Amino acid sequence: SSLIPAEGMEGARLRAKLLLDSYAKIGCDGIGLGALDLAVGLPFLKERAKSLPYPVLSANLVEKASGKPLFQPHAIREVGGVKVAVFSVTNPEDIQSVKEAGSSSVSETEPWPATDAARDRQKAREAS
């Protein structure tokens with residue numbers, strides 16, 4: 001990644017792991033992905049996301065071939081007896097930098113339609 005020199009990647013991944021673990025300790029309900037998260041590499045993020053007690057969220061970061069989200073688009077939490085949707089859209093410029101760094105298997109959808117689609121999927125789930 002252009003944000004992290006190759007010789008600094010090991011340290012960047014260690015810092016990312018420590019941050020992700022810290023979010024778990026404070027009871028985080030989910031995190032959205034930004035430029036520095038993506039800079040440590042999608043394979044690293046996808047592998048770490050499997051072991052986290054909270055979701056890694058991005059409604060608009062998708063697999064190029066299928067159009068399916070690479071991470072969970074949203075999560076529903078109950079706060080004070082009220083259901084709350086937690087979601088994240090990733091800055092398209094950050095996704096572009098990932099593609100330029102060699103991840104040609106990713107793409108993005110427009111942020112607002114991705115948000116609308118996540119909302120519509122949740123409404124359909126609740127109606128069934």
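The values are calculated or read from the model by the stated rules, or taken from the named source; none is laboratory data. Every value quoted in this text rests on a predicted model; they were computed, and no experiment measured them. When we count neighbours, we look across all protein chains shown, and the Cβ atoms used for this are built from the backbone with ideal geometry, even at glycine. Protein only, heavy atoms only, side chains kept; ligands, DNA and RNA dropped before computing areas. Shrake-Rupley method; radii C 1.70, N 1.55, O 1.52, S 1.80 Å.
Any residue at all in region 56-64 that's of a type in the set (A, V, I, L, M) and without any contact (Cβ under 8 Å) to a residue 24 or more places away in the chain? No, region 56-64 has no match at all. Restricting Asp29, Asp21 to residues that are free of Cβ contacts under 8 Å to residues at least 40 places away in the same chain and either under 20 Å from Pro111 (Cα atoms) or open to solvent by 30 Å² or more (accessible area, probe 1.4 Å) (or both) narrows the list to Asp21.
Each row is one residue, and each column tells you yes or no for (1) touching a Lys or Arg at 6+ places or on another chain (Cβ under 7 Å); (2) not charged (D, E, K, R).
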{"site": "Leu14", "(1), (2)": "no, yes"}
{"site": "Cys28", "(1), (2)": "no, yes"}
{"site": "Ile76", "(1), (2)": "yes, yes"}
{"site": "Lys83", "(1), (2)": "no, no"}
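Taking region 55-128 and the strands (runs of 3 or more DSSP E) fully enclosed by it, the elements with 1 or more residues that are open to solvent by less than 60 Å² (accessible area, probe 1.4 Å) and farther than 23 Å from Gly41 by Cβ are at 74-79, 82-87. Filtered by the rule that a residue be in contact with a strand residue (DSSP E or B) (Cβ under 8 Å, 6 or more places away or on another chain) and not basic (Lys, Arg), region 58-73 gives Ser58, Ala59, Asn60, Leu61, Val62, Glu63, Gly67, Pro69, Leu70, Phe71, Gln72, Pro73.
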